[in-house]
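A.B. asks: Quick one: structure below, then a few questions.
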Amino acid sequence: LRLNHSGRYSCGGQVVSQWRESERVTVTVHRVPPLRVSLSAQPPGGQVALGDRLVLSCAVATRAGPLSFSWHQEGSGELLGTGPLLELHHVGDNDSGQYWCRVSDGDSMAESDTLNVTIL
């Protein structure tokens, strides 16, 4: 649907030998607000000791329906995960860098801000 599909609709057809039409109904199409995506980390701030575990969480504000998630790291062409959480077990030096998540609801797509992960 598009915004210009709003209006009054009815249907009609031939009944026996007479044209009949239904009552009109009003259809209003509303704009869907854009996805608002936030990214958080545990431990907070994305600073984690070498060998420890890091959990990144991607959240979407007030959205129902099926969502698809993807996780990305700057400089890596690999898809890191496809759920709302990304768990890095036994982090190493190569895990440091910028991370973000991308969310789609089938109609629109949005990305979180990046989070700088630092390995201590």
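A.B. asks: With a 1.4 Å probe and all protein chains left in place, how much of the accessible area of the chain comes from carbon and sulfur atoms, in whole percent?
C.D. replies: 51 percent
A.B. asks: Next up: Would you please give the residues with an amide H less than 5 Å from that of GLN47, counting only those at least 5 places away or on a separate chain, with H modeled from the backbone geometry?
C.D. replies: Placed amide hydrogens put THR118 under 5 Å from GLN47.
A.B. asks: Give the long-range amide H neighbours of ASP52: residues separated by 5 or more places, or on another chain, with amide H under 5 Å away, using H modelled in the peptide plane at 1.01 Å from N.
C.D. replies: Amide H to amide H, under 5 Å and 5 or more residues apart or across chains, ASP52 pairs with VAL91.
A.B. asks: Can you list, by residue number, the Cys in the chain that have no neighbouring cysteine C-beta under 4.7 Å?
C.D. replies: Unpaired cysteines in the chain: CYS11.
A.B. asks: So, for the chain, what is the accessible surface per residue at a probe of 1.4 Å, expressed in square angstrom?
C.D. replies: Details: 8260 Å² over 120 residues.
Roughly 69 Å² per residue, with all protein chains present.
A.B. asks: Treat each spin label as a single point 7 Å out from the Cα along the C-beta direction, and report the ARG53 to ASP105 distance in nm.
C.D. replies: Placing both labels 7 Å along Cα→Cβ, they lie 3.2 nm apart.
A.B. asks: With a cut-off of 8 Å between alpha carbons and a minimum separation of six or more residues, what is the relative contact order of segment 37-119 in percent?
C.D. replies: So the answer I get is 37 percent.
The values are calculated or read from the model by the stated rules, or taken from the named source; none is laboratory data. These figures come from a predicted structure and were not determined experimentally. Here Cβ is always computed from backbone atoms with ideal geometry, including for glycine, and neighbour counts include all displayed protein chains. Accessible surface is based on the protein model in full, side chains and every heavy atom, while ligands, DNA and RNA are left aside. Shrake-Rupley method; radii C 1.70, N 1.55, O 1.52, S 1.80 Å.
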